[in-house]
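The structure under discussion appears below in the form of structure tokens.
The values are calculated or read from the model by the stated rules, or taken from the named source; none is laboratory data. All values reported here derive from a predicted model rather than from experimental measurement. Every residue, glycine among them, receives a Cβ derived from its backbone with ideal geometry; neighbour counts consider all protein chains shown.
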Amino acid sequence: MPSRPIAIALILAVALPACTPAPDRRTPADGTAPAAREAHDPSREPSPAPMSHGEAPVGTSAEPVDRSATAPPRSTRRVHRIRLETVHVQHAVASGVRYDAWTFGGQVPGPALRVTVGDTVDFTIVNVAPMPHSMDFHAAEIAPSRAYVNVMPGDSLSFRFVARVPGVFMYHCGTAPVAAHIANGMYGALIVDPAAPRAPAREFVLVQSEFYLGAPQGPDSARQLDWAKMLGLAPDHVTFNGSAGLYAAHPIQVEVGQPIRIYLVNAGPNQVSAFHVVGAIFDRVYVDGLGAPLRGVQTFNVPVGGGMIFETRLVEAGVYPFVSHAFADATKGAVGMFRAGQPVGTMTH
Ligand SMILES: [Cu+2]
């Protein structure tokens, strides 16, 4: 353990940049701008990427990615025996930032699941973590008092449900305080396909979520939840699939004109996702439910705890950012890139 003065210095070194006050908007008595204010003017800082809407450094599609966004294939089974262990692991929430995560299946988000309307989900939760956890499937119609109950360490619980409504649904731990269990990583997406398959497309699953970092407890220590930041809606990182800017560093390769379908779940626990693909319009947005899709949509809000299906095409070769258009959140990591075809004259070359 570091000595107390060193520990305090380390905490301040990490915490102070995050606590930098907002630019002072008061006008000085002499009308001149103080030098300190100019030094913090965001417009004077270099753009993180040599393109509009970059918001994060853009890597190449050739590098392997820890977490693929590719959706699992449509299933032909009618009964799905799904077993998930609740396990605590360290998770890379951003480059160089490890987080003490609580998970389903040892990953954040938990595994993407896929069933078809009418299928039976035969689910078992096995708690190998040192505290109670539970499971809440938004795709299920079931009594929470029976199924969504706490599972003690070393114990397990099984329940079944039939998926009735197509869409993409959140699942999450429902143990109190739920905000902590979600903020720590206990969520994922369950796709429920309609009985008649959707049109062929490249299919992706994105789960948006936030992370609220407590001060490090020592050199190279993993971070833990800052409850006050969570209550204050002040995340440090907002992510697609658990890591800030993951698909900016590892753009998702698609073909020009190819139909793209994105299953998007917003796990939160707090921030609405204003989902948008720069340079594209959504041909269809399926708000969860049984109704007809919206057509010709630029941006659509996915509520916390909601899931929607977005369909689009990218009309020419190029790099197309996808973001939460709530740009504080994009700046904090809710940004990725589609790379259509083989673009020339971009930062990918
Ligand atoms: Cu939990």
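So Ile142 passes all but one of these: (1) within 22 Å of the chain's Cα centre (by Cα); (2) at pLDDT 95 or above; (3) in a loop (DSSP other than H, G, I, E, B). Which condition number does it fail?
Of everything listed in (1) within 22 Å of the chain's Cα centre (by Cα); (2) at pLDDT 95 or above; (3) in a loop (DSSP other than H, G, I, E, B), Ile142 misses just condition (1).
Name the one entry in Val87, Val121, Val126 that is part of a strand (DSSP E or B), under 20 Å from the mean Cα position of the chain (by Cα) and β-branched (Val, Ile, Thr).
Unique residue meeting the criteria: Val87.
Being farther than 21 Å from Thr239 by Cα and not basic (Lys, Arg) is the filter here; which residues of region 299-333 pass it?
Thr312, Leu314, Val315, Glu316, Ala317, Gly318
Show me the strands (runs of 3 or more DSSP E) found entirely inside region 182-285 where at least 1 residues are of a type outside the set (Asp, Glu) and in contact with a His (Cβ under 6 Å, 6 or more places away or on another chain).
Here the list reads 187-193, 202-211, 273-277.
Just to be sure, is Phe159 modelled with pLDDT of 95 or more, assigned to a strand (DSSP E or B), more than 15 Å from the ligand (Cβ to nearest atom) and buried (at least 24 other Cβ atoms within 10 Å of the Cβ)?
no
Restricting to region 95-113, give me the number of residues that are part of a strand (DSSP E or B), surrounded by fewer than 21 Cβ atoms within 10 Å (Cβ to Cβ) and more than 16 Å from the ligand (Cβ to nearest atom).
2
Of the residues Gly296, Gly307, only one is under 28 Å from Asp136 (Cβ atoms), in a strand (DSSP E or B) and either touching a helix residue (DSSP H, G or I) at 6+ places or on another chain (Cβ under 7 Å) or small (Gly, Ala, Ser) (or both); which?
Gly307
Considering every residue within region 174-192, establish whether at least one is away from the ligand (no atom under 16 Å from the Cβ) and surrounded by fewer than 15 Cβ atoms within 10 Å (Cβ to Cβ). Full working, then the answer.
Taking region 174-192 and keeping what is away from the ligand (no atom under 16 Å from the Cβ), we get 189-192.
Those left that are additionally surrounded by fewer than 15 Cβ atoms within 10 Å (Cβ to Cβ): none.
No, region 174-192 contains no residue that is away from the ligand (no atom under 16 Å from the Cβ) and surrounded by fewer than 15 Cβ atoms within 10 Å (Cβ to Cβ).
Residue by residue through region 226-260, note down the ones that are in contact (Cβ under 8 Å) with a residue 24 or more places away in the chain, under 18 Å from the mean Cα position of the chain (by Cα) and surrounded by fewer than 21 Cβ atoms within 10 Å (Cβ to Cβ).
If the condition is that a residue be in contact (Cβ under 8 Å) with a residue 24 or more places away in the chain, under 18 Å from the mean Cα position of the chain (by Cα) and surrounded by fewer than 21 Cβ atoms within 10 Å (Cβ to Cβ), then Leu233, Asp236, Ala249 are the ones that fit.
Is it true that His138 is within 14 Å of the ligand (Cβ to nearest atom), closer than 24 Å to Gln208 by Cα and outside the structural domain of Gly307 (by TED's automatic domain parsing)?
no
Which one is nearest to Ala292 (Cα to Cα), of the residues in region 120-135 that are surrounded by fewer than 20 Cβ atoms within 10 Å (Cβ to Cβ) and more than 16 Å from the ligand (Cβ to nearest atom)?
Thr120
Looking only at residues that are of a type in the set (A, V, I, L, M, F, W, C) and part of a loop (DSSP other than H, G, I, E, B) in region 310-349, which one is farthest from Gly268 (Cα to Cα)?
It comes out as Val344.
Just one of the numbered conditions (1) under 20 Å from Gly110 (Cβ atoms); (2) free of Cβ contacts under 8 Å to residues at least 40 places away in the same chain; (3) of a type in the set (Val, Ile, Thr) is not true of Val297; which one?
The failed condition is (1).
Would you point out which residue out of Gly289, Gly305, Gly336, Gly268 is at pLDDT below 95 and within 20 Å of Ala189 (Cβ to Cβ)? Talk me through it step by step, then tell me what you get.
Numbers: Gly305 fails: at pLDDT below 95; Gly336 fails: at pLDDT below 95; Gly268 fails: at pLDDT below 95.
Criteria check complete, one pass: Gly289.
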